[in-house]
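Beneath this line is the structure, given in structure tokens, with notes to follow.
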Amino acid sequence: MGLSKTIWSNPTEYLRAESPQNPVLFFAPSAAQAAARRFIDCFPGLVTYAVKSNPEEAMVENLIAAGIKGFDCASPFEIDLIRRLAPGAAIHYNNPVRARHEIAHAVARNVKSYSVDSHSELAKLIEMVPTDGCEISVRFKLPVAGAAYNFGAKFGATVEVAAELLKTVAAAGYIPSITFHPGTQCTDPHAWEAYIREAANVARLAGVRIARLNVGGGFPSHRMTGVVPQIEATCALIDRVATEAFGADRPALVCEPGRALCGDAYAVAARVKALRDDSHVFLNDGVYGSLTELPMIGVIDRYSVLSPEGKLRTGDPVPRVVFGPTCDSVDRLPGELPMPADLAEGDFVIWQGMGSYSTVTNTRFNGFGELQLATVLSLAL
């Protein structure tokens, strides 16, 4: 899957001209760069990109062009991608569990920052990672609040264990830091407040002055029409609370947004394969394709329906059950989606805000899932 060589004005122009039979992802480089500049302008520290959310080379290249100088990587593949596209960039290997061959791979590629949330994994890092200029950031967790789902179910030490780990990191000669992840799609800025204050407590319990505090990802993309991400308010809160919590020992700040940088840079167009007995809608994309996240964290309500000629359908909304193309009954979008009453076979349903976790989670189950990728100047229809 590669970018189209033609740059189209918008998705409507492409759909009208090409009449594609497969789902199409539309990429707007201007939207990616605008999101990056927004974060760089308002976050009081280093902005890094969580590569896992969308590792498309065009996405990464546009973030680099906009001024992103750091990347949160979770695997050797992602490390190699960034070393090739941005050789001098800072890489934070923040997957807290790694095989020894993965650690060796990172060391060989001059990765200087690692996260950890357990004694056993810290022992591996101490065994294999040189101390010279290397940072180990202890990841802790709190009960989740205000997020779409809980990242702490898999990663993060308790406060008590985090303090023990931080002591060990400092004693071993590494640059001691703390990190956390408040959970994905945090629309309430206050999701960060309790974490920052508890990070200061962890440092006090350990008796360690930390160099940096990584306030994680969790920054939301624009999924719901009535819920606009409060990026500036969130950054201002992080800035204020970090000073209040740490005082004179305030560390440098780092963030690692993923979906907030790539989400609004893409839209996806799925075609209506069938309208079964004027009841069920069958699309050529679904939960085994680029719509994987919708059952997990909720449907994006920012969508429109176009006729094959590119005309906006304006009929009164009718609740519809929407299925993907596979033969698996799990391949269904949650609930019932309001669709215009004049919806017809061959129409296109275009979702905005589809840049995160859409390219990387797409499968070829049942032989479906072939995505086309088109470049557009604007995602407006």
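The values are calculated or read from the model by the stated rules, or taken from the named source; none is laboratory data. Please read all numbers here as calculations on a predicted model, not as lab measurements. Because the Cβ atoms are built from the backbone with ideal geometry, glycine has one as well, and the counts that use them run over all protein chains shown.
Miscellaneous remarks
- Residue selected from the stretch 319-338 under the condition hydrophobic (A, V, I, L, M, F, W, C) and farther than 14 Å from Arg276 by Cα, by the criterion surrounded by the fewest Cβ atoms within 10 Å (Cβ to Cβ): Cys327
- In summary, Ala341 fulfils each of the numbered conditions (1) surrounded by fewer than 21 Cβ atoms within 10 Å (Cβ to Cβ); (2) touching a residue at least 40 places away in the same chain (Cβ under 8 Å) with the single exception of condition (2).
- Considering the stretch 294-314, the residues that are touching a Leu at 6+ places or on another chain (Cβ under 7 Å) and modelled with pLDDT of 95 or more include one that is farthest from Val227 (Cα to Cα), namely Gly310.
- Lone qualifier among Pro220, Pro229 - being in contact with a Cys (Cβ under 7 Å, 6 or more places away or on another chain), outside the structural domain of Met354 (by TED's automatic domain parsing) and either in a loop (DSSP other than H, G, I, E, B) or closer than 30 Å to Thr168 by Cα (or both): Pro220
- Residues satisfying the stated conditions in the stretch 24-63, i.e. in contact with a Gly (Cβ under 6 Å, 6 or more places away or on another chain) and either assigned to a strand (DSSP E or B) or more than 23 Å from Asn214 (Cα to Cα) (or both): Leu46, Thr48, Ala50
- Listed by first and then second residue, the pairs linking a residue in the stretch 1-22 that is farther than 22 Å from Ser304 by Cα and outside any loop (DSSP other than H, G, I, E, B) to a residue that is small (Gly, Ala, Ser) and at pLDDT 95 or above, with Cβ atoms under 8 Å apart and 6 or more places separating them unless they lie on different chains, are Leu3/Ala58; Leu3/Ala374; Ser4/Ala374; Thr6/Ala374.
- Boolean, Ala242 is touching a helix residue (DSSP H, G or I) at 6+ places or on another chain (Cβ under 7 Å), in contact (Cβ under 8 Å) with a residue 60 or more places away in the chain and part of a helix (DSSP H, G or I): yes
- Boolean, Thr12 is on the phi < 0 side of the Ramachandran plot, hydroxyl-bearing (Ser, Thr, Tyr), out of contact with any Phe, Trp or Tyr (no Cβ under 6 Å at 6 or more places or on another chain) and surrounded by fewer than 17 Cβ atoms within 10 Å (Cβ to Cβ): no
- The listed residue being outside any loop (DSSP other than H, G, I, E, B), touching a residue at least 24 places away in the same chain (Cβ under 8 Å) and crowded, with 18+ Cβ neighbours inside 10 Å, out of Leu205, Leu261: Leu261
- Residue in the stretch 37-76 that is surrounded by the most Cβ atoms within 10 Å (Cβ to Cβ), counting only those that are charged (D, E, K, R) and under 14 Å from the mean Cα position of the chain (by Cα): Asp72
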